[in-house]
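**Q** Okay, here's the structure, questions in a sec.
The values are calculated or read from the model by the stated rules, or taken from the named source; none is laboratory data. None of the values given here were measured: they were computed from a predicted structure. We place every Cβ from the backbone using ideal geometry, glycine too, and count neighbours over all the protein chains shown.
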Amino acid sequence: MVEDSFLKRKKDVLSKLDKSSKGEWDEKILQLCEKINDSDNYYTTSSCSGRVVLIVDEDKKQEGLFVKIYHDKISLEDLKKDLTLVLGKNEKIKFKMESCILHVVCKSLEGAQILYDKAKLAGWKKSGIIATKNHVVLELNSTERLEFPIMCCGKILVNDEFLKIIVKETNKKLEKSWKKIGKFMKLNYQNIFKEFALTICIISKLIKANSLLVRSLRSI
């Protein structure tokens, strides 16, 4: 009954439309999500391969705070162009680069630990397991991050030389985040191959044992 309930919730969650700010599947992390969702022991609820945002600095979350969201590498030209859109506005704007993040609901605490160990090995070091009475949720997060105020009172707070450095460092961190997604994916596939090899080995031993038993019975 517990298993049926888990699989039903999984089906309901995965059948829902994407409600992310991007409005479509994140291709850089899609294959990893599909691999995890192939297992009866897990399902993903949210994911992001990494992004850069220009956002109004407010204590409380609310609609309309995002000035610009980038899901790929950025350029100095695009960044400066998007900053000019909010020039003159009396708001404090933050620049944020966020690394890959993934939320996975797990059927059991043991299953969560297995996936957690793989993620840590792949470099997703800012991760943890949240266990409640009804759910076990795995939050996987990498450590690449940049955050600082970039505009205030309608003025850009830094010069072009600083922006060049930020663009370069941001793109390096995004690449590093994407590589960790690939490494995590590889570790999950390696586990499949190990399980397959182990299964073949067990079958071979059973066939050999059965053959020996048949021979011994014939000799009686």
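**Q** Out of 157, 163, report the one residue that is touching a Pro at 6+ places or on another chain (Cβ under 7 Å) and at pLDDT 65 or above.
**A** 157
**Q** I've got another one for you. Quick check on my filter: what residues within the stretch 114-130 are free of Cβ contacts under 8 Å to residues at least 12 places away in the same chain and closer than 15 Å to residue 36 by Cα?
**A** 114, 117
**Q** Let me ask something additional. For the stretch 55-75, what are the residues that are touching a Lys or Arg at 6+ places or on another chain (Cβ under 6 Å) and outside any strand (DSSP E or B)?
**A** Those that are touching a Lys or Arg at 6+ places or on another chain (Cβ under 6 Å) and outside any strand (DSSP E or B): 57, 71.
**Q** Now for a separate question. Name the single residue, out of those in the stretch 138-162 being among the acidic types (Asp, Glu) and within 23 Å of the chain's Cα centre (by Cα), that is surrounded by the fewest Cβ atoms within 10 Å (Cβ to Cβ).
**A** So in the stretch 138-162, the residues among the acidic types (Asp, Glu) come out as 139, 144, 147, 160-161.
Narrowing the set further to residues that are within 23 Å of the chain's Cα centre (by Cα) leaves 139, 144, 147.
Details: 139: 17, 144: 22, 147: 12.
Restricting to residues being among the acidic types (Asp, Glu) and within 23 Å of the chain's Cα centre (by Cα), the top hit is 147.
**Q** Something else about it: Does the stretch 149-160 include one or more residues that are closer than 30 Å to residue 186 by Cβ and of a type outside the set (Gly, Ala, Ser)?
**A** no
**Q** Additional query: Tell me yes or no: at least one residue of the stretch 11-20 is part of a strand (DSSP E or B) and either among the charged types (D, E, K, R) or on the phi > 0 side of the Ramachandran plot (or both).
**A** No; the residues of the stretch 11-20 include none that is part of a strand (DSSP E or B) and either among the charged types (D, E, K, R) or on the phi > 0 side of the Ramachandran plot (or both).
**Q** Which one of these is surrounded by 13 or more Cβ atoms within 10 Å (Cβ to Cβ), out of contact with any Cys (no Cβ under 6 Å at 6 or more places or on another chain), of a type in the set (Val, Ile, Thr) and at negative phi: 129, 165? First the steps, then the outcome.
**A** Values: 165 fails: surrounded by 13 or more Cβ atoms within 10 Å (Cβ to Cβ).
Exactly one residue qualifies, and that residue is 129.
**Q** State whether one or more residues within the stretch 37-54 are farther than 23 Å from residue 182 by Cα, touching a residue at least 60 places away in the same chain (Cβ under 8 Å), within 23 Å of the chain's Cα centre (by Cα) and assigned to a strand (DSSP E or B).
**A** Yes, the stretch 37-54 contains a residue that is farther than 23 Å from residue 182 by Cα, touching a residue at least 60 places away in the same chain (Cβ under 8 Å), within 23 Å of the chain's Cα centre (by Cα) and assigned to a strand (DSSP E or B).
**Q** Something else: Report the residue count in the stretch 140-168 for those that are touching a residue at least 60 places away in the same chain (Cβ under 8 Å) and among the acidic types (Asp, Glu).
**A** Total satisfying the criteria: 2.
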